[in-house]
Structures are given as C-alpha cells and as structure tokens.
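The values are calculated or read from the model by the stated rules, or taken from the named source; none is laboratory data. Because the structure is a prediction, the values reported are computed rather than measured. Don't worry about glycine lacking a Cβ; one is built from the backbone with ideal geometry, like all the others, and counts go over all protein chains shown.
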Amino acid sequence: MINKGTAIVGFFICFLAGMFLMWGVDRRNGVSISAENSAASGAMVDQSDSPVPVTGKDPSWGKADAPVTVVIFSDFQCPFCSRVVPTMEQIKKEYGPDKVRLIWKHNPLPFHQQARPAHEAAATVFAEAGSEAFWKFHDLAFQNMSALTDANFEAWAGQAGANVAQFKAAFSAKKYASKVDEDLAVGAKVGVNGTPAFRVNGVEISGAQPFPKFKEVIDAQLAEAQKLIASGTKPSAIYTTLTKKNAQAAPAAAPSAKPQEPAEDTTIWGVPVMKDDPVKGKADALVTIVEFSDFECPFCTRGADTIAKVAQAYGDDVRIVWKDNPLPFHQNAKPAANLAREAYKQKGDAGFWKAHDQLFANQRELNEATYQKIATDIGLAWPLVKAAIDSGKHNEKFEESQEVGQEFNAGGTPHFFINGFRLAGAQPFEKFKSVIDTQLAIAKGLVAKGTARANVFNELMKEAKRPPPPEKKEVAAPAADSPTKGPASAKVTIQIFSDFQCPFCKRVGPTLAEIEKTYGDKVKLVWRHMPLPFHEDAPLASQAAQEAYAQKGNASFWKFHDAIFASLPEIKRPALEKIATDLGLDMAKFKQALDTGKYKANIDRDSKVAQDAGIQGTPAFVINGYFLSGAQPFAAFNKVIKRALGEAR
C-alpha cells in the first residue's frame with residue numbers, strides 16, 4: 001500500500017516530469033525509457049538463483065554484467081509508477097548501460113481493472129519482439145494510461161515493432177499471460193505490497209522516490225561491486241552475489257499484505273444535465289445515470305451492454321443521459337459521435353439511441369460504409385450525415401461535454417454518475433445494482449416526504465458538490481525581452497513555462513496551435529524558460545532560442561522553438577547551430593552567445609519566477625492568473641480560457 005509520504009514524493013516527481021493525472025485524459029505522460037540502441041541491451045544471463053531472480057524472460061535495459069541491477073516492480077495503471085519513469089530515465093543518463101541494468105517485473109494491482117490486460121499485452125510484445133520493442137510499448141502505455149484497451153494494445157504493439165498479426169493471435173490466446181503470474185509470485189516472495197517497488201541489487205526502495213534516493217543506493221552498490229571485482233569475482237556473478245549478501249543484511253520481510261483498494265468516492269457530484277443531452281427514459285425517473293462515453297472505446301461497449309441490462313431491470317425508475325467524450329487517440333470516435341449527434345438532430349432521442357446501439361454493435365468496423373448503412377437503416381438523410389461527419393459539425397458540443405468531464409475528473413471512458421454518485425469504468429451489473437438500489441431508496445424517501453418524482457433529481461443536485469474553481473498562481477510579470485505571440489491587447493495571456501528537452505512540452509504544441517486557431521487575437525502566448533535540472537541539453541537550447549529572438553524578434557524565436565521540438569531528441573549544439581543556419585541567423589553572434597552564456601541570466605530569471613510561484617514541472621501554464629499543469633487536452637485549456645475571457649469582459 002502506498003503511504004502518505006510516498007504519495008507526497010510521487011506528487012513532486014510527477015511535477016518534475018510534467019505529468020498530470022486526469023482523467024482521464026490524456027492526460028495523463030512520462031519521459032521515455034525506450035532503448036536508444038540495441039547495444040544498451042546485452043545478452044541476458046540466467047540469474048534465477050538470486051533472491052530476486054532475473055532471467056532471459058525479463059525485459060531489460062543495460063548490459064547483462066552491469067554491476068548494479070535495478071529490478072522494477074510496476075503497474076501500467078498506477079499513477080505513482082508513471083511518475084517515477086523520469087527518474088529511471090535520469091538513472092540511465094547518469095550511469096549508462098555499462099554500470100546499471102534495468103529489469104522489468106509485472107505487478108498489476110488487483111483494483112486496477114485495466115492493468116492486467118496491459119501487462120499481458122506487454123509480455124506478449126516482449127516475447128514476440130524483444131526488449132527494445134517492450135520498452136517502446138511501455139512508454140506508450142504510460143503515456144496513455146487512461147486508454148489501456150485491447151485496440152490500443154494492438155496499435156502500440158505495431159508501433160513498437162512487433163508483428164501485429166502474431167501479437168494479436170498470441171495476446172488473444174493469453175500465450176504469455178503466465179509471465180505476469182510468475183512476476184507477481186516473485187514480487188510476493190520478496191515483499192512487494194505496492195507499486196512502484198524496486199530492488200537495487202536486492203536493496204529495497206519503495207514508492208516513487210526522487211533520484212537522490214536511488215543515487216545513494218546505486219553508488220553504494222557500485223562501490224561494493226568494485227570490491228568484488230578487485231577480489232576476483234566475475235562480473236556476471238556480481239548480481240547474484242550482492243543480492244544474496246543484501247538479503248542476509250536486510251531485516252526479515254513482513255508477510256506480503258494484500259494491496260488495499262483506494263477509498264470509494266462517496267461524494268454526490270452535481271454533474272449538470274443539458275437540454276440537448278440525449279436521454280433514454282422518463283423525465284420523472286427517480287435515478288438519473290449520466291454517462292460519459294466514446295463509441296470507439298471497447299470498455300464503453302461493455303458499459304453499454306450493462307446499461308441496457310440496467311434499463312431493462314429498472315424500467316421507468318431509471319433514465320440515461322449521454323455525454324460524448326471522444327478520446328483523441330480514437331480516430332473514429334468523433335466521426336461516429338457526429339453521426340449519432342446528427343441522428344439526434346434529425347430524429348430526436350429515439351434516433352440517437354438507435355444510432356448508439358448500431359455504432360457499438362459495429363465498433364470494429366467504424367468507417368464511412370458502416371456510417372452510411374447505419375444512417376440508411378434508421379432513416380437519416382445520408383448527405384446531411386456525411387456533411388456533419390466531414391465538417392465535424394457537432395465537435396463543439398463534444399468539447400462542451402469534455403469540459404464538464406474534466407471538471408468532474410471524468411476524463412476516461414466509460415464514466416458514470418448515478419444520481420451524482422461516481423462509478424468509473426466498465427463495472428459489472430452487480431456494482432450498478434448496488435449503487436442504484438441505494439440511490440433509489442434515497443429518492444423514494446424524498447417522494448414519501450412530498451417531493452414530486454419529476455423534481456427528485458433537481459432536489460438531489462441542490463446539495464451536490466461542484467468542483468472547485470481552477471487553481472490560481474501569482475507570477476512575476478514577463479520581462480520586456482520575453483518572446484511572445486499574439487497582440488499586446490489580447491484579453492487573455494497564456495504564460496508558458498517550458499523546457500525544450502521535455503517530451504510533454506513538445507506534445508502540448510498542437511493544443512497550443514488549436515488555441516491560437518480558435519481564439520485568434522483574443523489570446524497572447526508568452527514564453528518563460530524553465531529547463532529542468534535533469535535535462536542536460538535544455539539550458540543551451542533555451543539560450544539558443546533566446547539569441548534567435550534577440551537577432552530577429554518573435555517570429556524568429558517561434559520558428560526556432562518549432563525546429564527544436566521537431567529535432568528532439570537531437571538538440572545538442574550541432575543541431576542548434578544547424579537550426580540557426582537554416583533560419584539565416586548571424587552565426588558569429590549566435591556562437592558567441594552560446595560560448596559566453598549570454599542569456600543564462602534570462603533563463604535563471606524565468607526559472608526563479610516559476611520556483612517562487614511553486615511551479616516545479618513542465619509544461620506549466622498561467623492563464624490570466626489561473627494555473628494549468630501538464631500537457632492537458634484542448635478541453636482543459638478551453639474551460640480556463642473561457643473563464644478568463646468572461647472575467648476580462
């Protein structure tokens with residue numbers, strides 16, 4: 001179980017990495033630990049006789065005879081595991097593959113419903129395509145924690161380099177599922193009772209600890225390894241020797257406790273029901289289920305099946321309210337949602353739910369031919385449906401629903417609120433029944449006291465909890481030489497605290513472009529340099545971009561900005577000089593600026609502004625005083641910008 005102290009440390013690391021936990025979303029994100037080259041992964045030796053056994057069946061990074069081995073027990077759905085990913089990256093950079101080896105062990109926690117399938121998929125990728133492919137899959141899984149679906153596993157396997165057909169066959173057959181069970185058994189044996197957990201040559205480190213904690217243990221183990229080498233121990237025997245020694249020195253491990261599920265959210269949330277939300281059921285139903293869903297999400301298909309059972313079981317006592325949340329990585333989700341919305345426009349609630357049922361029934365074949373057939377079957381005007389799909393006619397409504405979802409921490413799909421009681425994920429019918437029965441009893445109690453059935457939901461919502469307003473931060477005003485984009489008269493200023501070596505800062509680029517397109521001259525962007533200490537190339541990149549600004553102004557800075565992010569991960573000095581040459585900068589002045597650290601004071605100034613405001617990770621945004629952390633989706637920005645615009649007026 002993760003204790004309070006570990007949670008605080010995990011939160012701090014999360015900020016350092018630029019992670020955010022959403023919903024859902026997106027939002028969630030981690031610095032890559034994919035193998036940069038095959039040389040980093042040496043041939044595996046069998047060290048199954050170690051107290052923390054390692055074999056060729058374990059994904060690895062680093063040389064097999066590296067003097068220090070970090071065994072990682074992790075869970076793809078655990079936010080603390082995601083937050084420690086950048087620390088593993090820093091270990092790689094600090095020590096390299098000759099000194100440190102990373103070993104992965106699967107440890108999906110039982111209350112993380114989507115974790116077990118993700119681990120089985122990862123085990124399949126490793127077995128079919130090796131360590132390098134595994135780490136690529138690992139990165140994609142942690143970058144998309146709210147989207148651990150079979151369809152995505154298949155896509156990520158292909159992106160990682162596995163043969164998709166072979167992966168699909170092996171994964172469906174659970175060919176390598178036993179590896180997950182083997183790792184869980186190893187974890188239980190060595191005393192792992194929460195994630196993330198680490199054994200550094202057998203020395204225990206629990207939780208998302210900061211880099212200095214790992215460094216302390218790794219340096220001590222390197223010293224011990226050097227003593228063994230000096231005494232004649234073969235490098236390949238160091239791991240087993242030291243893990244046995246450390247096991248003897250360590251206190252006896254307590255029996256592995258069963259991880260405790262997090263406390264259930266018993267809050268009644270005031271999720272609004274809009275007039276144009278599709279509804280199934282009577283207006284005077286005693287229980288209202290608000291559903292955030294996505295037509296391409298396989299878990300939503302399961303949720304839809306369960307909701308159908310609920311409707312049949314409870315009849316007039318339950319109504320269903322639909323809210324679209326087409327996730328950005330589901331390329332067919334918005335087209336499908338536009339079809340359903342157009343069905344709603346043409347034929348009301350009945351048309352929407354007919355489209356809803358057919359879209360889920362044909363989820364594996366969401367394409368134009370399917371859309372046309374569905375439209376024809378339910379009597380829609382196909383030209384209007386096609387126009388709606390092609391133009392994204394109803395996208396604004398989706399964004400509105402997504403903003404509501406973000407406010408109520410319902411970024412993932414499916415997500416339900418039963419008379420305001422949260423139920424996340426594709427839960428079984430029995431779980432729905434338990435919640436509905438409780439809420440139904442409360443509603444009947446109100447009716448018995450004189451509340452009309454049609455007013456029950458509104459009465460419950462009067463006392464329901466609303467989300468707090470966005471966090472605010474006071475930051476010092478930008479200096480006159482801070483790069484900007486947009487008019488000085490803009491009503492909303494977005495200050496971007498960013499790092500040119502941060503993958504999350506790159507990832508948020510398209511969202512910022514969408515903001516510019518949507519709001520035009522109402523918004524101004526201001527760049528604030530914030531290179532993180534473990535990104536060794538970031539400070540020089542910031543100085544290079546600032547010199548581009550000094551020579552040719554804002555336009556040159558933003559071109560340099562775009563070129564740096566396009567060059568990632570290659571942003572060392574030669575790459576920066578090439579960008580400068582391509583942009584026609586005065587190279588003598590450019591090189592002199594970098595040689596002398598001309599803009600170090602600028603970088604330090606912005607970093608201090610962030611530090612003074614309590615901003616610890618990138619990307620971070622201050623929008624007319626409102627704070628937004630991480631590579632959030634457009635909906636999250638949109639909500640804050642609308643609020644800021646309203647106040648500016």
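In the stretch 522-542, the residue that is farthest from residue 90 (Cα to Cα) out of those that are at pLDDT 95 or above and surrounded by fewer than 23 Cβ atoms within 10 Å (Cβ to Cβ) is 522. Residue count for the stretch 266-286 under the criterion of being hydrophobic (A, V, I, L, M, F, W, C) and more than 17 Å from residue 405 (Cα to Cα): the result is 4. Summed over the stretch 407-423, residues that are in contact with a helix residue (DSSP H, G or I) (Cβ under 8 Å, 6 or more places away or on another chain) and over 10 Å from residue 292 (Cβ atoms) total 6.
The set of residues from the stretch 320-355 being among the hydrophobic types (A, V, I, L, M, F, W, C) and in a helix (DSSP H, G or I) comprises 333, 336, 337, 339, 340, 343, 350, 352, 353, 355. Scanning the stretch 71-104 for residues that are under 21 Å from the mean Cα position of the chain (by Cα) and not hydrophobic (A, V, I, L, M, F, W, C) yields a total of 10. Applying the set (1) out of contact with any helix residue (DSSP H, G or I) (no Cβ under 9 Å at 6 or more places or on another chain); (2) acidic (Asp, Glu); (3) surrounded by 24 or more Cβ atoms within 10 Å (Cβ to Cβ) to residue 365 leaves exactly one unmet item: (3). Only a single item in (1) at pLDDT 90 or above; (2) in contact with a Pro (Cβ under 9 Å, 6 or more places away or on another chain) is not met by residue 159, and it is number (2).
Residue-by-condition table, conditions (1) of a type in the set (Phe, Trp, Tyr); (2) more than 29 Å from residue 534 (Cβ to Cβ):
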| position | (1), (2) |
| --- | --- |
| 123 | no, yes |
| 163 | no, yes |
| 171 | yes, yes |
| 189 | no, yes |
| 196 | no, no |
| 199 | no, no |
| 205 | no, no |
| 208 | no, no |
| 216 | no, no |
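This table checks each residue for (1) within 22 Å of residue 78 (Cα to Cα); (2) under 30 Å from the mean Cα position of the chain (by Cα); (3) small (Gly, Ala, Ser).
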site: 182; (1), (2), (3): yes, yes, no
site: 199; (1), (2), (3): yes, yes, no
site: 206; (1), (2), (3): yes, yes, yes
site: 211; (1), (2), (3): yes, yes, no
site: 218; (1), (2), (3): no, yes, no
site: 224; (1), (2), (3): no, no, no
site: 228; (1), (2), (3): no, no, no
site: 232; (1), (2), (3): no, no, yes
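Under the condition of being under 25 Å from residue 85 (Cα atoms) and of a type in the set (Phe, Trp, Tyr), the residues counted in the stretch 502-525 number 1. Can you pull out the residues in the stretch 394-412 that are in a helix (DSSP H, G or I) and small (Gly, Ala, Ser)? 401, 405 - these are the residues of the stretch 394-412 that are in a helix (DSSP H, G or I) and small (Gly, Ala, Ser). Selection within the stretch 175-205: residues that are hydroxyl-bearing (Ser, Thr, Tyr) and buried (at least 20 other Cβ atoms within 10 Å of the Cβ). The member of this set that is nearest to residue 242 (Cα to Cα) is 195. Checking the structure you have, find out if any residue of the stretch 335-352 is closer than 28 Å to residue 511 by Cβ, surrounded by 16 or more Cβ atoms within 10 Å (Cβ to Cβ) and either of a type in the set (Val, Ile, Thr) or in contact with a Ser or Thr (Cβ under 8 Å, 6 or more places away or on another chain) (or both). Within the stretch 335-352 (the criterion being closer than 28 Å to residue 511 by Cβ, surrounded by 16 or more Cβ atoms within 10 Å (Cβ to Cβ) and either of a type in the set (Val, Ile, Thr) or in contact with a Ser or Thr (Cβ under 8 Å, 6 or more places away or on another chain) (or both)), the answer is no, since none of the residues qualifies. Of all residues in the stretch 429-456, those satisfying the criterion of being in contact with a strand residue (DSSP E or B) (Cβ under 9 Å, 6 or more places away or on another chain) and surrounded by 16 or more Cβ atoms within 10 Å (Cβ to Cβ) are 432, 435, 436, 439, 440, 443, 456. Counting only helices (runs of 4 or more DSSP H) that sit wholly inside the stretch 572-649, those with at least 3 residues that are at pLDDT below 95 and closer than 25 Å to residue 508 by Cβ are 600-613, 634-648.
Give 617, 597, 625 a once-over and let me know the one that is under 25 Å from residue 478 (Cα atoms) and in contact with a Gly (Cβ under 7 Å, 6 or more places away or on another chain). Checking each option against the conditions leaves just 617. Of all residues in the stretch 457-497, those satisfying the criterion of being surrounded by 13 or more Cβ atoms within 10 Å (Cβ to Cβ) and of a type in the set (S, T, N, Q) are 482, 484, 493, 495.
Search the stretch 256-278 for residues being of a type in the set (A, V, I, L, M, F, W, C) and at pLDDT below 75, and hand back the single one that is nearest to the chain's Cα centre (by Cα). For the stretch 256-278, the residue satisfying everything is 263.
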